[in-house]
Each structure stands twice: as C-alpha cells, then as structure tokens.
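S.K.: Quick one: this structure, given as structure tokens, is what I'll be asking you about.
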Amino acid sequence: ATMVQKYQSPVRVYKHPFELIMAAYERRFPTCPLIPMFVASDTVNEYKSEDGAIHVIERRCKLDIDAPRLLKKIAGVDYVYFVQKNSLNRRERTLHIEAYNETFSNRVIINEHCSYTVHPDNEDWTCFEQSASLDIKSFFGFESTVEKIAMKQYTSNIKKGKEIIEYYLKQLEEEGITFVPRWTPPVACKSESSTSHPRRPVSPAINIPESATKEGSSNKEILNASSSPSEPTAGTPDDKLDADYIKRYLGDLTPMQESCLIRLRQWLQETHKGKIPKDEHILRFLRARDFNIDKAREILCQSLTWRKQHQVDYILDTWNPPQVLQDYYAGGWHHHDKDGRPLYVLRLGQMDTKGLVRALGEEALLRYVLSINEEGLRRCEENTKVFGRPISSWTCLVDLEGLNMRHLWRPGVKALLRIIEVVEANYPETLGRLLILRAPRVFPVLWTLVSPFIDDNTRKKFLIYAGNDYQGPGGLLDYIDKEIIPDFLGGECMCEVPEGGLVPKSLYRTAEELENEDIKLWTETIYQSASVFKGAPHEVLIQIVDASSVITWDFDVCKGDIVFNIFHSKRAPQPPKKDSLGAHSITSPGGNNVQLIDKVWQLGRDYSMVESPLICKEGESVQGSHVTRWPGFYILQWKFHSMPACATTNLPRVDDVLASLQVSSHKCKVMYYTEVIGSEDFRGSMTSLESSHSGFSQLSAATTSSSQSHSSSMISR
C-alpha cells in the first residue's frame, strides 16, 4: 500500500530585500552548523547566463537522518542523498528550489519545491513558500515507521528554516553587510552590440515544476518559461495565508496543521466559487476531525450545502424572532469570560420548553438557536480583534434552578436533541466551556438522555455543579470575573437575560397549524427539491419569449450522481401525466418528479440539445447560465447517471463499482433554483459569459462545452 503525504506552507514574509536574503541563504552551503544532519554538499552542475542574471546550480546533499540504528542496518545505508536544484533569476528576483531523493528512489519518492520571491506589495520584502510530497511505496515492511521519521524530520526542518535565515542575516549584519545591490544588466560596447548579438534570448527556459504554477505563485517567470501558459495562475498572494496572520488570528498551529488548513482552503477556493467560509471556521472543522483533511472536507461540504439550503448566512440580517421567543426564551449574551470568550447565559430551569415548542414548533426554535450561534461566531471575531489573540469559541453558562419533570416532556427533549445535532454538525468546536449550575435531582435523567448526542470532544468541556457548589473553590470565579457574575446567581451584575416563565396556553397552536408552519419554514428557502429515479428524470419547463434571455441555474446534488442537460423545443410539451411514479411522489415529501419530454419525441427532430451534458457527482454545487438563441421552450433535465462499465479504461475502477453498489434504491436528490434574466439585466456582458465556461475544465474533456455555445457553468465538489 502506498501513502502520499502532502505539505503546503503558509507564506513566510521576511522584511528584508530579496538580495540580502539570498546572501544569507548562500551561507548554508556547503555545510551548515544549524543543520547537523546536513553533512556535506557537492556541486554537480552549474550554469550562469552571460549577463549574470540567471544562475542555476545543482547540488548533491548528504544527510545523516536521525533514524533508529536497526532501521539503518536493515536498509543498509548510513547516509541519504538528495539532489537539490536551485534556479536563481536576479532580473526577476526569484529563487526556485527543487529537491528530490536519490537514495531509495524506487521505494520512497520525496519531492520538495520552495520559492523565494518579492513581496507583491513591498519590493523590499521577501516571501518564502514551500510545498512537498512524500510517497512511500515500500520499505521492507517499515513503511509507517519511515513515514513517521520523515514527517518528524521534515517538520523540525520547517521550523528551522526561518531561524537559519535569521541567523545568517545577523551574521551579515555583524560583518557590516546590511545592503546588497540589485542586479543591473551589463552595459555592452556599442560597436558589437548590434552586430554580433542579433538578439539576446530573454532567458533560458527554466524547468519550473507544475506545482509552482498550480499553487499560484504567479511570478512573471512562469509566464516567461512557457510563452503560452496552459492555465491561468490560480489566485494571487493576497488570498494566501501568511505565517504571522495565522499566529495572530488563528493560533499556534503545527506545520502539518497549517498545511491542512491551507490545502483545504485552496480546495474550497477552486471548487466553491464565490463564498467560502472564514479561515477560523474552516479550522474548526479540521479540529473537529483531528486534522484529517478528507473527513473535515466532508463535514464542511455538508455544512455549506445546509447553510445554503436554509439561507443561514442571512439569518442575522433578515430573520426577526417571533415575540413569544423574545419574551419567554430565557437566554442571552452577557459580556465575556476570563479567557475573553463571549459568554452566553441560559436560564434553562426558568424556561417553559414545552410551552415554547407548543407555541412555536421545532423549526422556529431551531432557527432561533441558529441565530444565536451565528451571533456567537460574530462575537468571537470581534473579541479576537479586541483582545489581540485568537478567540474561536464561546462559553455557555446554563442555570438549572427550577428544572422539573416538565422539562422531560418527550417532544421537548426530541426538539432539544435535534437542535444539539444540527449545532454539533454545523458549529463544531465553538463551545469552549459549558458551566452547568444548580443541577437538581432530575438532572442525571436528562443528562442520560442527552449525552449520547454530544461529541466526546465537547463533553470534556462540561463542568457540572450541584446546589450552591458553584460559589465555592473551583467554582464560577475561576472562569468569570467577579464584576460580571449575574444578579440571579448572587453577583452584582444586572443581567438583561429574559426571566422566562410559563408561556400562556392561549398562544399554543394546534398540531396542524404547526405542521403547516413547519413546512412553510422549511420551504421558505428559494430552492426546490426533486427526486430523480433510474428511468425517471426530473424536468423543468422554461418558456422564452425574448430570444436573447439568460437562463440561470444553481443546484446542489444531495444524493447520487446525475447528468444535467438543457434542451430546446419549438412546441410545448404535453402537461406531465401522473403515472405510477407520480403516485410515488405524493407520498414522499419533496418527492417532486416530473417528466415533460414525450416518449415518442425524437432528439434532433422534436427537440434539440443546446448544451453538452454535464455529469455532476454527489455533493457538488453547480451554478451556470445559458444565453438563449431562439424563443420557444427550454427544458432543464436532471437524469440518473449510471456508471458506464468501460469508461476510458476497459475495466471499471474498484471504487466506481463500490460507488455504484452504494447508490441506494436508485434514487437521486437534487435541490435547485432557476431564474430567467433579460439580457439587459444580466450583470457582466455577453462576451464575458461566453468566455467563462471554465467550470467544465474540471471535468473530463468529454463534457467540455462547445465553443459556440453561450454558456458557463461552475462546479464545486
């Protein structure tokens, strides 16, 4: 089994000019006292351009890896050799470093790429970035040991990199060198300049590894190296994270944790065009999954779809909680704890949970709790600015004085569990500490019901005090300043949190009213859900009068894989018949499934395809638009995607087969929204629309949209 580990560093900024950093960097060779394992290095190859602007040097480095004697004995080597190729371009002020291992290169593949470049906003500063990959194919059965050793050595070296440069900068300063002039082109004699050199080549093309272009180090050099860059460089340095920012706003992360954050963030930027979560929020999902990037990505994507579906981003600005909540929900924000975390006070014992559920239903309660969590995120950001250190979670103080059997009412507990579940899934790692005060005798019963739903990490943060214990040693004062202990807990601070109390029965709603209300809240979102079955696509009709309108769509594939098509037909399809599947859809909520294209219609005669089919995988978000050429009827179709037995290869990949087995009951779910916009209202000109069907490029070449088609579609996985 082979395992590939990847590393991507943040940008490290040196507040010194490139030339001085180079002078410091050069001093590492041939050996460096700060890197004891770096035993020796020999120059194998060297090239200098005539004008001195380009200097490429290849060295063979001898390393004494700190590994157990036994392992060295089994491997039969004392030293490990690496090849390091440095390409310095003094004109562009860049240094690219590539390194790979020569020893065991058939068993282990290590590639590293580093770059020193000029800071985009200040030409007297220098940026450093590095990325690496480690692929262990086999190592005498010691693969995981070797992986651990390699990772340990590598991360300790990353930390050292900065010290080394600073050490030599200091050494230079002690020798009185604080300035190194920039390279200037040599002045050639007039007589021979025009004759013997018809034209000096710009610079020999330097082999810059793919990763450099991909990771968006948008140096002019890359453009030089290949006259027509195959892909525009992704992102500019302003959307990269630099090391100082991470320390100040996100906290002390290990190099591998930084790398996970950067890689997940980069993946989101490439796939979720438009809105991506704030860095501290991405980090919460990584923490919740112990920095396992694949698991974190999965829960984060589910949460992003959920946020979109329920318009959670707009909840604070657009949703006004019903008056009943404002009067009877006994919770609110109250200053901050000793660590600077926002403090939320909840007088659960005073709250009539049964009355609230009966008067409001679960949906409105859930929505209210979400707005509290959104406010919490906002307050953490605020406190991070105010206290000058990263604050990413809040403290919750729950007072159970008054808790009784009424709180154990089943529907109330059910609502509570659902709320806990939604919050756990979408606001991971936001609860810094939970103080439970004045826990009564019935509390253990409630606790037994609730605790299985709470994540282990979260449960460790619970502190429970019975009776008046919270006033004693190890109590509230350890966590909250005396001045802000609320009055109802014997403190001197007026606390604005509503007192709760019983919700009058006159405000109760009937189950039916709540049912309808719940459904209304659920569909308040502008998206519609549809089910797609094998042999029964879902189709939506759009009638176009003005020939150059723009049909836009935005959909999420919630379950299964689908193919998305758009057709045009001059005549109206027959209204859909309710067949056996129609009956099926009445019973399942949101089981919206409509066919419009008549079975007897022929493609090419009765209707035509105006876009190449787009294959969309489970979990993807797709946004796109189509500029209509003709009036008439357009049909958007989502159809079940069945795995072809032989795609590019003759045999199906194992995971394809597994995936096709997992698609339960051959049913897919899509959540969609479509809108027609008059061409004059479409933001951005038609030409920009035509040129932006880049989203297709992430799929196989087969689905590339034809160049005549006026379309763009973006995909986020």
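S.K.: Here is a list: Arg438, Arg459, Arg418, Arg389. Which entry is open to solvent by 50 Å² or more (accessible area, probe 1.4 Å) and in contact with a Gly (Cβ under 8 Å, 6 or more places away or on another chain)?
M.R.: Only one candidate qualifies: Arg389.
S.K.: Any residue at all in segment 489-497 that's surrounded by 13 or more Cβ atoms within 10 Å (Cβ to Cβ), under 39 Å from the mean Cα position of the chain (by Cα) and at pLDDT 80 or above?
M.R.: There is at least one residue in segment 489-497 that is surrounded by 13 or more Cβ atoms within 10 Å (Cβ to Cβ), under 39 Å from the mean Cα position of the chain (by Cα) and at pLDDT 80 or above.
S.K.: Of the residues Ile391, Ile372, which is under 22 Å from Arg248 (Cα atoms), in contact (Cβ under 8 Å) with a residue 12 or more places away in the chain and aliphatic (A, V, I, L, M)?
M.R.: None of the others qualify; the one that does is Ile391.
S.K.: Please state which of the following conditions Ala647 fails to meet, knowing it meets all the rest: (1) at positive phi; (2) touching a Lys or Arg at 6+ places or on another chain (Cβ under 9 Å); (3) at pLDDT below 50.
M.R.: (1)
S.K.: Which one of Leu343, Leu300 is open to solvent by less than 30 Å² (accessible area, probe 1.4 Å), within 24 Å of Gly402 (Cβ to Cβ) and not β-branched (Val, Ile, Thr)? Steps first, answer last, please.
M.R.: Details: Leu300 fails: within 24 Å of Gly402 (Cβ to Cβ).
Just a single option satisfies the conditions, and that option is Leu343.
S.K.: Any idea which of Gln350, Gln309 is in contact with a Ser or Thr (Cβ under 6 Å, 6 or more places away or on another chain), open to solvent by 30 Å² or more (accessible area, probe 1.4 Å) and of a type in the set (S, T, N, Q)?
M.R.: Checking each option against the conditions leaves just Gln309.
S.K.: Please give the number of the condition Arg433 fails out of (1) in a helix (DSSP H, G or I); (2) within 36 Å of the chain's Cα centre (by Cα).
M.R.: In the conditions (1) in a helix (DSSP H, G or I); (2) within 36 Å of the chain's Cα centre (by Cα), Arg433 misses (1) alone.
S.K.: Please give the strands (runs of 3 or more DSSP E) falling wholly within segment 10-70 in which 1 or more residues are of a type in the set (Phe, Trp, Tyr).
M.R.: 12-14, 38-48
S.K.: Could you run through segment 109-122 and say how many residues are β-branched (Val, Ile, Thr) and surrounded by fewer than 17 Cβ atoms within 10 Å (Cβ to Cβ)?
M.R.: Of the residues in that region, 1 qualify.
S.K.: Would a scan of segment 398-409 turn up a residue that is surrounded by fewer than 22 Cβ atoms within 10 Å (Cβ to Cβ), assigned by the TED database to the domain that holds Leu502, part of a helix (DSSP H, G or I) and hydrophobic (A, V, I, L, M, F, W, C)?
M.R.: yes
S.K.: Confirm whether Glu421 is acidic (Asp, Glu) and either over 27 Å from the mean Cα position of the chain (by Cα) or at pLDDT 95 or above (or both).
M.R.: On the way: acidic (Asp, Glu): yes; either over 27 Å from the mean Cα position of the chain (by Cα) or at pLDDT 95 or above (or both): no.
Here the answer is no, as Glu421 does not meet what is asked.
Residue-by-condition table, conditions (1) charged (D, E, K, R); (2) under 28 Å from Thr271 (Cα atoms); (3) modelled with pLDDT of 85 or more; (4) part of a loop (DSSP other than H, G, I, E, B):
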| position | (1), (2), (3), (4) |
| --- | --- |
| Ile519 | no, no, no, no |
| Glu524 | yes, yes, no, yes |
| Ala530 | no, yes, yes, no |
| Asp546 | yes, no, no, yes |
| Phe555 | no, yes, no, no |
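S.K.: Please go through segment 462-488 and give me each residue that is surrounded by 14 or more Cβ atoms within 10 Å (Cβ to Cβ), part of a helix (DSSP H, G or I) and out of contact with any His (no Cβ under 6 Å at 6 or more places or on another chain), ordered by number.
M.R.: Asp469, Tyr470, Gln471, Leu476, Leu477, Phe488
S.K.: Right, next: Report yes if some residue within segment 123-146 is in contact with a Lys or Arg (Cβ under 7 Å, 6 or more places away or on another chain), open to solvent by 70 Å² or more (accessible area, probe 1.4 Å) and touching a residue at least 40 places away in the same chain (Cβ under 8 Å); otherwise report no.
M.R.: yes
S.K.: Shifting gears a bit: Quick check on my filter: what residues within segment 353-386 are open to solvent by less than 30 Å² (accessible area, probe 1.4 Å), modelled with pLDDT under 90 and either acidic (Asp, Glu) or not in a helix (DSSP H, G or I) (or both)?
M.R.: Within segment 353-386, Glu363 is the sole residue that qualifies.
S.K.: Could I ask something else about it? Out of everything in segment 312-326 that is surrounded by fewer than 16 Cβ atoms within 10 Å (Cβ to Cβ) and touching a residue at least 60 places away in the same chain (Cβ under 8 Å), what residue ends up being farthest from Gly475 (Cα to Cα)?
M.R.: Leu316
S.K.: While we're on this one: Can you tell me which residues in segment 271-284 are surrounded by fewer than 16 Cβ atoms within 10 Å (Cβ to Cβ) and at pLDDT below 90?
M.R.: Of everything in segment 271-284, those that are surrounded by fewer than 16 Cβ atoms within 10 Å (Cβ to Cβ) and at pLDDT below 90 turn out to be Lys273, Gly274, Lys275.
S.K.: Quick check, is Ile677 assigned to a strand (DSSP E or B), surrounded by 15 or more Cβ atoms within 10 Å (Cβ to Cβ) and either modelled with pLDDT under 90 or assigned by the TED database to the domain that holds His538 (or both)?
M.R.: No: the conditions fail for Ile677.
S.K.: Okay, moving on. List the helices (runs of 4 or more DSSP H) inside segment 135-224, counting only whole elements, that have at least 1 residues being modelled with pLDDT of 65 or more, more than 20 Å from Phe18 (Cα to Cα) and of a type outside the set (S, T, N, Q).
M.R.: The helices (runs of 4 or more DSSP H) meeting that bar are 143-174.
S.K.: Yes or no: Arg60 buried (at least 19 other Cβ atoms within 10 Å of the Cβ) and over 17 Å from Phe140 (Cα atoms)? Even if it seems obvious, please write down each step before you answer.
M.R.: Working: buried (at least 19 other Cβ atoms within 10 Å of the Cβ): no; over 17 Å from Phe140 (Cα atoms): yes.
No.
The values are calculated or read from the model by the stated rules, or taken from the named source; none is laboratory data. Note that the structure is a prediction, hence the values are computed from the model and not measured. Quick reminder, even Gly has a Cβ in these numbers, built from the backbone with ideal geometry, and neighbours come from all protein chains shown. The accessibility values were calculated without ligands, DNA or RNA, using every heavy atom of the protein model including side chains. Shrake-Rupley method; radii C 1.70, N 1.55, O 1.52, S 1.80 Å.
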